[in-house]
Amino acid sequence: MTEFERVYIDTAPIIYYLENNVFYVDKLKYFFRKCLDREIQLVTSTITIEEYLVFPYASGKLELVDNFKRFIEYMKMEIVDITADIAEQAAKIREQFRHFKAMDSLQLAAAIASGCDAFFTNDKQLRQETELPCITLEDL
């Protein structure tokens, strides 16, 4: 992981970390600490914001909204807006990998468009997209 300068973070690792998922929280603490220590730029998109915030708003647990925002700020995470060019790239990805979900294709396209050198997720099927390396929690 030390060879990466810009790592795109999919939604699931953020959810697992902020919810203290017993299976993944230790690996994620290690990952995020290493990124801070080595000044690796973390990137995600507005899709992650939407996907993460559904549960806090639906459950009325607004403190989770604040936790999420503080985490993004603390990690100095760059947020990519989904543009028409990214949407077009996502369509090309979905054409190639027809079983990919729209949101996954948009996340991958955002990672590619924003110049990331790795994509961090827990969705192993996304490894099929080979334009940038895909790291999963299993890899940590």
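The values are calculated or read from the model by the stated rules, or taken from the named source; none is laboratory data. What you see is a predicted model, and the numbers here were worked out from it, not measured in a lab. Positions of Cβ are generated from backbone atoms using ideal geometry, with glycine treated the same way; all protein chains shown enter the neighbour counts.
Tell me which residues, restricted to the stretch 27-64, are more than 28 Å from Ile112 (Cα to Cα) and of a type in the set (Asp, Glu).
Residue satisfying the conditions is Glu63 alone.
Take the stretch 3-55 and flag every residue that is more than 18 Å from Met103 (Cα to Cα), of a type in the set (Asp, Glu) and touching a helix residue (DSSP H, G or I) at 6+ places or on another chain (Cβ under 9 Å).
Glu19
Okay, residues lined up against (1) surrounded by 12 or more Cβ atoms within 10 Å (Cβ to Cβ); (2) over 13 Å from the mean Cα position of the chain (by Cα); (3) more than 14 Å from Ala12 (Cβ to Cβ):
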{"site": "Val43", "(1), (2), (3)": "yes, no, yes"}
{"site": "Val54", "(1), (2), (3)": "no, yes, no"}
{"site": "Ile93", "(1), (2), (3)": "yes, yes, yes"}
{"site": "Met103", "(1), (2), (3)": "yes, no, no"}
{"site": "Ala109", "(1), (2), (3)": "yes, no, yes"}
{"site": "Gly115", "(1), (2), (3)": "yes, yes, yes"}
{"site": "Thr136", "(1), (2), (3)": "yes, no, no"}
{"site": "Leu140", "(1), (2), (3)": "yes, yes, no"}
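Report whether or not Ile93 is part of a helix (DSSP H, G or I), touching a Leu at 6+ places or on another chain (Cβ under 7 Å) and at pLDDT 95 or above. It would help to see each step written out before you state the result.
On the way: part of a helix (DSSP H, G or I): yes; touching a Leu at 6+ places or on another chain (Cβ under 7 Å): yes; at pLDDT 95 or above: yes.
It is true that Ile93 is part of a helix (DSSP H, G or I), touching a Leu at 6+ places or on another chain (Cβ under 7 Å) and at pLDDT 95 or above.
Give me the residue from the stretch 117-131 that is part of a loop (DSSP other than H, G, I, E, B), surrounded by 15 or more Cβ atoms within 10 Å (Cβ to Cβ) and in contact with a helix residue (DSSP H, G or I) (Cβ under 6 Å, 6 or more places away or on another chain) and, out of that set, modelled with the lowest pLDDT. Quick ask: steps written out before the conclusion?
First, pick out the residues of the stretch 117-131 that are part of a loop (DSSP other than H, G, I, E, B): 117, 122-123, 129-131.
If we keep only those that are surrounded by 15 or more Cβ atoms within 10 Å (Cβ to Cβ) too, we end up with 117, 122-123, 129.
Within this subset, residues satisfying the condition of being in contact with a helix residue (DSSP H, G or I) (Cβ under 6 Å, 6 or more places away or on another chain) are 122, 129.
Details: Asn122: 94, Glu129: 90.
Only one residue fits best here, namely Glu129.
When you go through Tyr30, Tyr24, Tyr8 one by one, which is the residue that is of a type outside the set (A, V, I, L, M, F, W, C), crowded, with 17+ Cβ neighbours inside 10 Å and farther than 27 Å from Ala87 by Cβ? Write out each step before concluding.
Working: Tyr30 fails: crowded, with 17+ Cβ neighbours inside 10 Å; Tyr8 fails: farther than 27 Å from Ala87 by Cβ.
On inspection, the qualifying residue turns out to be Tyr24.
Name the pairs: first residue in the stretch 83-95 and farther than 12 Å from Ile112 by Cα, second residue assigned to a helix (DSSP H, G or I), Cβ to Cβ under 6 Å, at least 6 apart or on different chains?
That search, which allows pairs on different chains as well, returns Arg94/Ser105.
Does any residue in the stretch 19-43 that is in contact (Cβ under 8 Å) with a residue 60 or more places away in the chain come within less than 7 Å, Cβ to Cβ, of a residue that is aromatic (Phe, Trp, Tyr) six or more places away or on a different chain, and which pairs are these?
Taking only residues 6 or more apart or on different chains, the pairs are Tyr24/Tyr16; Leu28/Tyr16; Leu28/Tyr17; Val43/Tyr8.
Looking only at residues that are of a type in the set (D, E, K, R) and under 15 Å from Glu51 (Cα atoms) in the stretch 6-40, which one is farthest from the chain's Cα centre (by Cα)?
Filtering the stretch 6-40 for residues of a type in the set (D, E, K, R) gives 6, 10, 19, 26-27, 29, 33-34, 37-39.
Keeping just the survivors that are under 15 Å from Glu51 (Cα atoms) gives 10, 19.
Values: Asp10: 2, Glu19: 15 Å.
The selected residue is Glu19.
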